Structures are given as C-alpha cells and as structure tokens.
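Q: Below: one structure in structure tokens.
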Amino acid sequence: MSVLTVAPPVRVVPALARAEAVRLLLHPVTLVGYGLWVLMTSTLWWGDPPRPLDVFESVGSALSWMPGVLMILVGYLVATREHRAGTTDVLGSLPSQEPERVRALCLASLAPGAVALVLNLALTGVLQDRFAQSPTVPQLLQAPLTVVGATLLGVMVAAWAPVAFAPALTVVVMIGAHVALGSDPVASLFGPAVFWAEWGVTGGELWHGFIGGSHWWHLAYVVGLCGLAAAAAIVRSVRTRAVVAAGLAVLAVTVLAAVLQLP
C-alpha cells in the first residue's frame, strides 16, 4: 500500500501562490477595476485635448484608484472565501495550514501589481510624445506598487478582522487619509499614492513641474508599507521571534524612508 506524502510548506507556498494569483486576477471586482481604468484612460482621446496634468497622472496615479482601491476588497474577499463559505473545517485536512495560505496570498499579491506595471508601461509608450515632462522611473512604479499594497492590506484586514464591514471601512479610511494628506504637498508624501504634478495657480491647465520630495525614497517608503501589511498579516498566525523581528526591521526602514523622502 502506498503512503501519501505531504510536501513541505516551502514547496506548498509557491503552488498555492500561483492558484491565489489566478483567483485575484480573475475576481469579478478586479476585472471591474481594470475595466474602469480602461474607461478612465480612454477619456484622454475624447473631446478636448487633456490638460498636461491629466496626461501625467494617467500613468502617475490612475492605477492607484482603479483598480487600486478595489484591490483592498479583492484581497479581503479572496482571503476570507472559506470563512464566508463556512468550509474552514475542511482546510484542516489539507497539506497547507493558515500560515502557508497567508504567505501564499502575500506572494500572489504581486500578480495584480505585475499586470498594472505592464499596463502602465504600455500607456507610457503610447503617450510618450504628449508628456510636458517625462515621468521618472519611480513615478511609473508607484501606481503598480500601490496595487500590490492594496491587495496586501486586504489580506491583512482579513487576517485580523474577518467581518463584513471591515473592508468597506478600510476603503473609507484610506480615501479619507489621502484627501486629508493631499491638502499639503509635504504631508501628501506620507500617503502611498502621491500626485507628483504641481497644480499651480492655473489648476492644471499649464505645466508647473513636480512638487518637492525624493521620488526614489518615496518608492522605498511604499515598499515598506507593503512589507508592513504583509508582516502584519503573517504575524497573525505565526508569532515567532523571526517574524516579529522582520516586521520591526521593515518598520524601521519604512520610517527612515519616510523621513528621507521629504524635501
């Protein structure tokens, strides 16, 4: 009689991550989010010529809103599907346990970010001759990275607060924080998605350059925020010294990047 062997977690996680990546990418809310992004960017070719600020923000921050904001909900829904379906007892018989599933979801969050990056680079190529000032590399990476961060935030909320109102409340808080921070150019740097284009006195009709602050250090700051969300999700099920130490190290780097990004 053959003996059933269970693959070690280190081999289970990549396999789970591939399956979770497909679920994240094909989730109806994800598809709606990317569809809205297509609709938003298509307005650049409708009617009157767009303002220089609108052209820049189409690659600078549009993806942070759609599908970015919705990815908080997607990450939460995918992470809690067994809990909502009442099938959590079945998971106990599988070779993977909660720590492996959470790590797999964190790894899978890179998939929607990768799609966002491809779309952003493609749109940048199409708009190459329409920028008043070419976006920098970290500015092009910012929006796709916030898509990753939003998914991780949804997974984190699912780990700590698997209740129906939690993702909606998280979305409201994130949007409210962005609006509050956006009232001041320096304070806006502490939000994940920064509108780098300077509005000026013409309300975006003329190009006034970029607001102050380090583009690369802000990107490092957003990477740190992503790491904190992942660490918070993982530590919910694995509270070892190594995990806690890694989370504290990411926190220290994030604080350092937050300071160094300031003008």
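The values are calculated or read from the model by the stated rules, or taken from the named source; none is laboratory data. Everything quoted here is computed from the prediction, not taken from an experiment. Methodologically, a virtual Cβ is constructed for each residue, glycine included, from the backbone with ideal geometry; neighbour enumeration extends over all protein chains shown. Just so you know, the surface numbers come from the protein's heavy atoms only, side chains and all, with ligands and any DNA or RNA stripped out. Shrake-Rupley method; radii C 1.70, N 1.55, O 1.52, S 1.80 Å.
Q: On the phi > 0 side of the Ramachandran plot and at pLDDT 95 or above: does that describe GLY204? Break it down stepwise before answering.
A: Values: on the phi > 0 side of the Ramachandran plot: yes; at pLDDT 95 or above: no.
Considered against the rule, which asks whether it is on the phi > 0 side of the Ramachandran plot and at pLDDT 95 or above, GLY204 comes out as no.
Q: Name the single residue, out of those in the range 198-251 being among the hydroxyl-bearing types (Ser, Thr, Tyr) and assigned to a loop (DSSP other than H, G, I, E, B), that is farthest from HIS178 (Cα to Cα).
A: Step one: list which residues in the range 198-251 are among the hydroxyl-bearing types (Ser, Thr, Tyr), which gives 202, 214, 221, 237, 240.
Filter once more, so that each one left must be assigned to a loop (DSSP other than H, G, I, E, B): 202, 214, 237, 240.
Details: THR202: 22, SER214: 19, SER237: 30, THR240: 33 Å.
Taking the candidates together, the pick is THR240.
Q: If you don't mind, another one. Scanning the range 41-75 for residues that are touching a Lys or Arg at 6+ places or on another chain (Cβ under 9 Å) and within 18 Å of LEU121 (Cβ to Cβ), which turns out modelled with the lowest pLDDT?
A: Among residues in the range 41-75 that are touching a Lys or Arg at 6+ places or on another chain (Cβ under 9 Å) and within 18 Å of LEU121 (Cβ to Cβ), the one modelled with the lowest pLDDT is LEU44.
Q: Condition first: over 28 Å from GLY247 (Cβ atoms), open to solvent by less than 10 Å² (accessible area, probe 1.4 Å) and either in a helix (DSSP H, G or I) or at pLDDT 95 or above (or both). Can you find one or more residues in the range 23-40 that meet it?
A: Filtering the range 23-40 down to residues over 28 Å from GLY247 (Cβ atoms) leaves 26, 28-29, 31-40.
Retained after the next criterion (residues that are open to solvent by less than 10 Å² (accessible area, probe 1.4 Å)): 33.
Retained after the next criterion (residues that are either in a helix (DSSP H, G or I) or at pLDDT 95 or above (or both)): 33.
The answer is yes, given that some residue of the range 23-40 is over 28 Å from GLY247 (Cβ atoms), open to solvent by less than 10 Å² (accessible area, probe 1.4 Å) and either in a helix (DSSP H, G or I) or at pLDDT 95 or above (or both).
Q: Across the range 98-122, what is the number of residues that are open to solvent by less than 10 Å² (accessible area, probe 1.4 Å) and in contact with a Lys or Arg (Cβ under 8 Å, 6 or more places away or on another chain)?
A: Matching residues across the range 98-122 total 1.
Q: Additional query: Condition check: without any contact (Cβ under 8 Å) to a residue 40 or more places away in the chain, over 19 Å from the mean Cα position of the chain (by Cα) and surrounded by fewer than 21 Cβ atoms within 10 Å (Cβ to Cβ). Does GLN133 satisfy that?
A: Numbers: without any contact (Cβ under 8 Å) to a residue 40 or more places away in the chain: no; over 19 Å from the mean Cα position of the chain (by Cα): yes; surrounded by fewer than 21 Cβ atoms within 10 Å (Cβ to Cβ): yes.
No, not satisfied.
Q: A further question follows. Residue check, VAL155 against (1) in a helix (DSSP H, G or I); (2) open to solvent by 10 Å² or more (accessible area, probe 1.4 Å); (3) not small (Gly, Ala, Ser), all met but one. Which one?
A: With (1) in a helix (DSSP H, G or I); (2) open to solvent by 10 Å² or more (accessible area, probe 1.4 Å); (3) not small (Gly, Ala, Ser) applied to VAL155, the lone miss is (2).
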